[in-house]
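Input: a single structure, listed below in structure tokens.
Read-outs: derived from the displayed coordinates by stated rules, not from any lab. Please read these numbers as outputs of a predicted model, since none were measured by experiment. Cβ atoms come from the backbone with ideal geometry, glycine included; neighbour counts cover every protein chain shown.
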Amino acid sequence: MTSLIQISLMMVIMMHSPFIADAGVSQILVPEGEYSLGSLYCEEEQGNADWCNDEVPSKVNLVAFWIDKYEVSNADYRECFIAGVCEPSVLHEDRPQEFNKPRQPVVFVNWEDARTYCSWRGGKLPTEMQWEVAAEGEKLGGAHFGQPYGNGAPEIIGKFEANSHGLYDMMGNVYEWTLNEYGPSGKNKVVRGGAWNSASHFLRTSDRVGKDPELRYSDVGFRCVKIQQ
């Protein structure tokens, strides 16, 4: 039987841990502070080409927030489906077994599906600013990218080296939905981070891509955040 002393010790350890348990999902704290966003890559190396001229450097102040250590996996998402909250994730028509492993990031979920899952866990999708700050650092982490679209697929989460914040797969594996709209029309939503089928120049923390929020993609997943209370 677990004693009161053992329970107290476990509570102290949890309070001082860099991770918090959230429906079985680990999260990492990104501290409050002023951060630099954007880059000069487009101006200096691409002549301000249309596909990257929205990466203008800027400063932003953010409150502290928790962000998922890993991309949401098929197993994680299934728990929300079993709870009767989330819609089922769609399977790849030709190669379902290559996208449906429990520890692979969940894909074929649209923007609203992703929002619903994060809300079920008491969080939300990250803003672009939160995502970019979490992705930045001296070490960007390992990445899975450059795979042929016809036969490539995501790798299991956490297989490669973590970034400076201890977050996995911020670069590559799957793009990740954010809360923000892309462009003045407001139709598309921003995804970040590159994917298993991306070229290397899309694996930059400042790169922005617009996707239709109503569609489901084989290379787009997500992770969740919570504001520190």
Report task. Evaluate the distance, in nm, between pseudo-label points positioned 7 Å from the Cα of Leu215 and of Asn151 along their respective Cα→Cβ axes. Result -> 2.5
Query raised in the report: Ranked by Cβ crowding within 10 angstrom, fewest neighbours first, how are Arg208, Arg192, Arg223, Arg95 ordered?
Result: Arg95, Arg208, Arg192, Arg223
Report summary line: By Cβ neighbour count within 10 Å, fewest first, Tyr77, Tyr217 rank Tyr217, Tyr77
**Report entry** Residues Ile227, Ile67, Ile28 arranged by fewest to most Cβ contacts within 10 Å
**Finding:** Ile227, Ile28, Ile67
Report summary line: Output for segment 106-167: trypsin sites (Lys or Arg not before Pro) sitting in coil per DSSP, at most 16 other Cβ within 10 Å, listed by number, reads Lys139, Lys159
**Report entry** Residue-span extension gain [Ala199 to Arg103] - 0.36 nm each, minus C-alpha spacing
**Finding:** 32.2 nm
Query raised in the report: Fully extended, how many nm does the chain gain between Ser58 and Glu112 (0.36 nm per residue separation, minus their Cα-Cα distance)?
Result: 16.6 nm
Report summary line: The pairs in Lys124/Lys211; Lys59/Lys159; Lys59/Lys101; Lys139/Lys211 lying past 30 Å Cα-Cα in this model are Lys59/Lys159; Lys59/Lys101
